[in-house]
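Worksheet for the structure shown next.
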Amino acid sequence: MPHKPIIRVLIAKPGLDGHDRGARLVTLALRDAGFEVIYPGLHQTVEKIVETALQEDVNVIGLSILSGAHLPIAKKLMNQLREAGMDDKLVVVGGNIPEQDIPALKSLGVAGVFPSSSRFEEIVAFIQSNVAEKQM
Amino acid sequence: MADKIREVVLESGIPVKPVYGPEDLGAIDLDHDIGKPGEFPFTRGIHPFMYRQRPFTMRQYAGFGMPHETNQRFKFLIENGQNALNVAFDLPTQMGLDSGDPLAEGEVGRVGMAVDTLADMEVAFAGIPLDQISVSLTINAVAAPIMAMYFVVAEKQGVPLNQVRGTAQNDILKEYIGRGAWIFPVEPAVRLIGDTIEFCARHAPKYYPVSVCGYHIRESGAHPVQEIAYAYAIAKEYIKRGLERGLGIDDFAGQISFNLDIYGNFFEQIAKFRAARRLWARIMKDEFGAQSPSTMMMKMIAGGGGGGLTIEQPENNIVRGAYYALISALSGTQTMALCSYDEAYTIPTEKAALISLRTMQILIEEMGIGDTVDPLGGSYYVESLTSEFEKRIAAEIKRVDEEWGGIVEAVSAGIVQGEVARQAYRFERGVQDGSIPKVGVNRFRMEEESRDVALHSYDPKQAEESIRRTAEVVAGRDADAVQSALEKVRVAAKDGQNTMPALIEAVRAYATIGEITKTLKEVFGEYAEQVKL
């Protein structure tokens, strides 16, 4: 049986918001599910997130945003990923995301949106199936 | 054969028996451990008559957009019977950034009001008599300059410094554990708190320079024992800093208060507060040699937290809020700040804030909650649980000191943060697998449920307005006076002098929060987060 590559995930907290309970929970849950997860901590700029994603060669970028600034931040990230030729990264967004903003996030190229109170198993299953399709 | 009874273990890890009786009071000394309200060790409350004499203060957290909008919300709340204020600042202000800073993009006025200069604080408190309304400033990393602004605004209203009342949150150690609005490395950040404690003890003795926030530690996922233990380890550290300045324990420690959280099991919360009061009294008396009863009293604000609210079936949060208020009153709080039902989504709308205010008013006005003091005192269950809590909190504080090298070391190295995150994870797993019941989430869930909540709207134009306002202020000020004041801030920070007089001079000259923070950063550097998961 071929060895299945381990999925690498970057959990990123952009902007000034310091509420990282969700980011830390998802980091622990994805690790338990067998992923390699990098959580570099708070106050990451979009530039820094792209740089870390490149250096760490991750498959997935998970943005955790509770400040309400998810639309401008996601837009900036998607643009910079495209410019860096990193369109193949699977981008998911979690946090305090009102339902009405989900279509706008998806149209920016965000693959999955997981508002607060999403179940760990849904996030794990989504990443497993979408990374497989997109990259592996 | 009888049916097997369900096992109950509280979030704090304490097992609960199905029935409690006199045998559970066995090890409790009624005089030494419980006593009377208003007397050491204050288990039953810090005042002899509590709400019969002074009802709890209602202090809803409020602030958004520009200072004039926040000013209107303040007036709305005061007109509706709120008798104290609790100011929310936006994230750029909390991080010491002016509204025009590139890092502030998209954040100006979003989760609180934007304050760049003294002019903003003047607008926020226009027409609000600061000699009558006590104000809590929810600000931490830049608490020292924001307190300086508040003092100058009060002075301009004719309230002298030695009469100024109010509180600053000003608890930076909890920011590294939860909430994350930090700027400077741990040691200089704690030193700034020492400056504010010393300054207030000497010049503003009625002001509470620090409100230690177990609240945010619990909101980050700590269980109730950890919440109090880490808050107390932090408070003890600040007290040591005050003593190092040559202050006597009774000269300042009574002016340090606590902001604590309520969500979760009803009796667990009540026992937590009763135990916390008793333990604090003993720490102050036995470890610090306090003589004044006021120093030994644990003074608190607690009214409920967002941590227990659910996005699912949001109206259920109105009910949760009412129970939180009840817990808070049964716990003998001095002040309530009740979360609003829409806070699982956003900052509160006016309507949601009003429902919270009415919830507290109904409790005290209609329900007779304040008719007698500590009505649960003497309950076999509550007293037994209170004692168990006291033991466990004391053991956890010992762990911080003896195993982790003290709270400053434990926070700098990310140890407390990791501990809290792992507890949050255990709890969330329990909610997700249904072993921890949550109505609307894993019990009585509705497939087609309503999430139709009116949201507080955000106006991106606010940033432009704030930038324009600040540019006007900057153009109209005496540039030399600003430079000279900032230079004094730099020298004070560098030479280890108390920075407060220089900060007061700088804000009086309308230096911006960004200029002040930059000056301090040049001396102190910036914090590099240590993530240990």
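Taken together, the values in this text are just the output of simple stated rules run on the coordinates, not laboratory data. Note that the coordinates shown come from a computational prediction; the quantities given were computed from them, not determined experimentally. Please note: Cβ atoms are built from the backbone with ideal geometry, for glycine as well, and neighbour counts cover all protein chains shown.
Structure notes:
- For segment B:301-326, the set of residues classified as surrounded by fewer than 24 Cβ atoms within 10 Å (Cβ to Cβ) and assigned to a helix (DSSP H, G or I) consists of B:306, B:307, B:308, B:316, B:318, B:319, B:320, B:322, B:323, B:326, listed by residue number.
- Being assigned to a strand (DSSP E or B), crowded, with 21+ Cβ neighbours inside 10 Å and not hydroxyl-bearing (Ser, Thr, Tyr) holds for only one residue in B:85, B:77, and it is B:85.
- Within segment B:180-219, considering residues that are small (Gly, Ala, Ser) and assigned to a helix (DSSP H, G or I), the one nearest to residue A:42 (Cα to Cα): B:189
- Flag for residue A:74 being among the aliphatic types (A, V, I, L, M) and more than 14 Å from chain B (Cβ to nearest Cβ): no
- Test: residue in segment B:219-230 that is under 24 Å from residue B:192 (Cα atoms), free of Cβ contacts under 8 Å to residues at least 60 places away in the same chain and small (Gly, Ala, Ser): no
- Identity of the residue in segment B:338-354, of a type in the set (Gly, Ala, Ser) and part of a helix (DSSP H, G or I), that ends up surrounded by the most Cβ atoms within 10 Å (Cβ to Cβ): B:353
- Scan segment B:507-533 for residues that are aromatic (Phe, Trp, Tyr) and within 18 Å of residue B:175 (Cβ to Cβ) and the total you get is 2.
- Selected residue (only one of B:195, B:171, B:250 is acidic (Asp, Glu) and within 14 Å of another protein chain (Cβ to nearest Cβ)): B:171
- Residue count for segment A:114-135, restricted to those that are on the phi > 0 side of the Ramachandran plot and not in a loop (DSSP other than H, G, I, E, B): 0.
- All of A:75, A:48 fail the test of being basic (Lys, Arg) and touching a Leu at 6+ places or on another chain (Cβ under 9 Å), apart from A:75.
- Close contacts from segment B:99-110, counting a first residue that is at the interface with chain A (Cβ under 9 Å from one of its Cβ atoms) and a second that is not in a loop (DSSP other than H, G, I, E, B), with Cβ to Cβ under 6 Å and a gap of 6+ residues or different chains, come to B:104/B:92; B:106/A:72; B:107/B:91; B:107/B:92.
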